[in-house]
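The values are calculated or read from the model by the stated rules, or taken from the named source; none is laboratory data. No experiment lies behind these values; they were computed from the predicted model shown. Note that we place each Cβ from the backbone using ideal geometry, even for glycine, and neighbour counts take in every protein chain shown.
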Amino acid sequence: MNLLNRTILYYVVFSIMVFALGGYLIHRLASVILVRQMSQSLMFEEQLIEDKLLSFGEIPKFNTTPGHIVDIQYHENPLRQNQVVGDTVINNPFTQRDEDYLYLKETGSISDSTGFYRGYTIIISRSFEDTNTFLARLIMIIWLVFILLIIVLGLFNFWISRRVWKPFYGILESLSAYDPGNLQYLELPPSETDEFNTLNQALTAMSEKINRNFGELKELVEDITHEIKAPVTIIRSNYEQLLQSDNLTEPNLKHLKSINDAAARLSRLNNTLNLISHKNTRISSRGEVDLISVVHSFLLNFDDVIQSMGLRVSEQIVEKPTVPLTDDLADILVSNMLGNAIKHNVQGGSIHIRLTAKEFTVVNTGKVLDRHPDQMFRRHEKSETKEKSPGLGLSIIKKIVEIHQMKIQYSTDRNMHTLTLYF
Amino acid sequence: MKILLVEDDAELGKTLSGFMENVNSTCEHVQSISDALMKVDLYEYDIALIDRVLPDGDGLEVIKELKNKGAKTGIIIISAMKDTEDKVTGLNTGADDYLPKPFHFSELNARIFSLFRRLHFDGNKSFHFKEISIYPEKFECSINGRDLKLTRKEYDLLLFLLSNKNRVLNKELIATHIWGDNYDLVDSFDFVYNHVKNLRKKIKERGGSDYIKTIYGIGYKFESN
């Protein structure tokens, strides 16, 4: 989830929580206030009735309406002055439903002309129905306002966040495009926010340091590969000279062979290092390559080895792939992938090639792997049994794949090895 | 024969190497000086065709490296630079020939064969060694005047062995020379043995002697005595 969405999500969740609590409180407060107002109006009404009662003695019965019932009862005996306010449930004769009522019950005594005291009870009940309807409407209006507020504030928040974080996304973009291997400089957009400018400065300084170190390292690798070349050439030409001399015994030849093998390995290693350091700087130009023809020409070219090792080669072309690579890189990729499948194969083994629009898979038989598959792409990881391989082939593949934003995956199941390139 | 083509134009390079492979050559195509230097360091070539204007410098660097190494490679410059001065510089650096672009493939082909003849067969059109005769332009060979039918690889093998008489050639060198540079990817060179065996058999059947000597663990040598 990105920064903006996360901010908005937190904002929405928090606002809903606050508004829910606020809504509840408003509801509670409004009910309390309304009940108090109702009871005050009941008291006022009762006071009017009581005043009349006290002035005129007995008064006629009121007409009562559902929702507002006034009941006056008279008693033989005088009653003590008392007032009770409470809730009750009364059946509405029209709707046949029980409704909540607030009632006020006042008892007291009046004296008639003879000076005889008798008691009375005034009960005024008023239905909550209207109040409840009012409250429900109020809550609805409040919620509507809340939702509108959440949306408007949310949009505003989103707009502000986007504006504030814009330089940050600019920095992110520049950072992800930054590759010290291409000897580019990190270009960061200037910002009006101090913190981002500080971040820019820190990152620029860091990238300059990385570039410098990388450049030095690259120079060192180039110097080393250049310096190693001369002694290797001397060894190889001396080997060639020695080889031509007559009367070499079998042990002599064995020594010579091992000298040459070692020198050849060193030379190949040196060139691979050179290749890797150059591939970094090489402009990652994108072409389109017909992978099928690259694979076929490789297989045709290697037919003699495939025959002599008795390998069965099968291929399955699901769809014609177009790979965003230049010819020479595609060639290096295919020859390393298929070359490995041949080199690490066994007599009478098999190679299966599968091509789809998005994948190139090579499955081959071979020896059981003596290490973890994840270590496969590390430089200098090589199997014990194959002295000659410099262990750099797969890391070259990885380098090319990385530069061109593709993916490569290796897996193994006992003696079957699968290498898949996703493009 | 084996050719190194240093040409930065991908299309032209592809066409040229396809053409060369059709006329019985192994052709390795690279597009930059750094790749060419790597090739020159690792492998041997009969002929190098070098363009001068390359993305990472002047093709003369490759010629200098070949000369430093003491390689016996014949060098032809193919370049759009037509000035006499440029040609002289190129030839003085060590090139054997200079072919200005644009050129006809047939002319390039003729020059390649002519250079190859000069380098290996004293300029003769056919080459004879005791009972064996080779006609490089026709890709034919004969023993005691009788036609010797060889496969393409066997023919390449015989030509390579003969043009390197009395020199021990290791199996890896033979493999990369005849089958291409990619062949150093493999570890087992048994297929070289099979082809040598077949070649020996065919020469013997035609009544030729066996001049190919096996050098234990290393490779082969064509012995002239």
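Of all residues in region B:34-57, those that are farther than 14 Å from B:ASP8 by Cα and free of Cβ contacts under 8 Å to residues at least 12 places away in the same chain have Cβ atoms under 6 Å from Cβ atoms of residues that are of a type outside the set (Gly, Ala, Ser) and in a helix (DSSP H, G or I), 6 or more apart or on another chain, in B:MET38/A:ASN271. Residues in region B:88-122 that are over 26 Å from B:ASN164 (Cα atoms) and among the acidic types (Asp, Glu): B:GLU107 alone. Strands (runs of 3 or more DSSP E) fully within region B:138-225 that include at least 1 residues being within 21 Å of A:GLU240 (Cα to Cα) and more than 14 Å from chain A (Cβ to nearest Cβ): B:212-215.
Being of a type outside the set (Asp, Glu), more than 30 Å from B:SER32 (Cα to Cα), more than 14 Å from chain B (Cβ to nearest Cβ) and crowded, with 20+ Cβ neighbours inside 10 Å, is that true of even one residue in region A:337-353? Within region A:337-353 (the criterion being of a type outside the set (Asp, Glu), more than 30 Å from B:SER32 (Cα to Cα), more than 14 Å from chain B (Cβ to nearest Cβ) and crowded, with 20+ Cβ neighbours inside 10 Å), the answer is yes, since at least one residue qualifies.
Condition test on B:ASP56, is it touching a strand residue (DSSP E or B) at 6+ places or on another chain (Cβ under 6 Å) and more than 19 Å from B:TRP179 (Cα to Cα)?
It is false that B:ASP56 is touching a strand residue (DSSP E or B) at 6+ places or on another chain (Cβ under 6 Å) and more than 19 Å from B:TRP179 (Cα to Cα).
Each row is one residue, and each column tells you yes or no for (1) assigned by TED's automatic domain parsing to the domain that holds A:SER15; (2) within 30 Å of A:ILE26 (Cβ to Cβ); (3) surrounded by 12 or more Cβ atoms within 10 Å (Cβ to Cβ); (4) touching a strand residue (DSSP E or B) at 6+ places or on another chain (Cβ under 9 Å).
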| site | (1), (2), (3), (4) |
| --- | --- |
| A:GLU76 | yes, no, no, yes |
| A:TYR101 | yes, yes, yes, yes |
| A:SER127 | yes, yes, yes, yes |
| A:ILE147 | no, yes, yes, no |
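The set of residues in region B:63-98 that are more than 22 Å from A:ARG236 (Cα to Cα) and among the charged types (D, E, K, R) comprises B:LYS82, B:ASP83, B:GLU85, B:ASP86, B:LYS87, B:ASP96, B:ASP97.
Can you tell me which residues in region B:46-102 are hydroxyl-bearing (Ser, Thr, Tyr), surrounded by fewer than 16 Cβ atoms within 10 Å (Cβ to Cβ) and at pLDDT 90 or above?
Listed by number, the list is empty, since nothing qualifies.
Check whether at least one residue in region A:132-150 is more than 36 Å from the chain's Cα centre (by Cα) and polar (S, T, N, Q), and report yes or no.
Here is the first cut: in region A:132-150, the ones more than 36 Å from the chain's Cα centre (by Cα) are A:132-141.
Subsequent filtering for residues that are polar (S, T, N, Q) retains A:132-133.
Scanning region A:132-150, I find at least one residue that is more than 36 Å from the chain's Cα centre (by Cα) and polar (S, T, N, Q), so the answer is yes.
Taken as a whole, the structure places A:LYS367 among residues that are modelled with pLDDT under 85 and more than 12 Å from chain B (Cβ to nearest Cβ).
Looking across region A:315-336, the residues that are among the hydrophobic types (A, V, I, L, M, F, W, C), out of contact with any Leu (no Cβ under 6 Å at 6 or more places or on another chain) and touching a residue at least 40 places away in the same chain (Cβ under 8 Å) come down to A:LEU325, A:LEU329, A:ALA330, A:ILE332, A:LEU333, A:VAL334.
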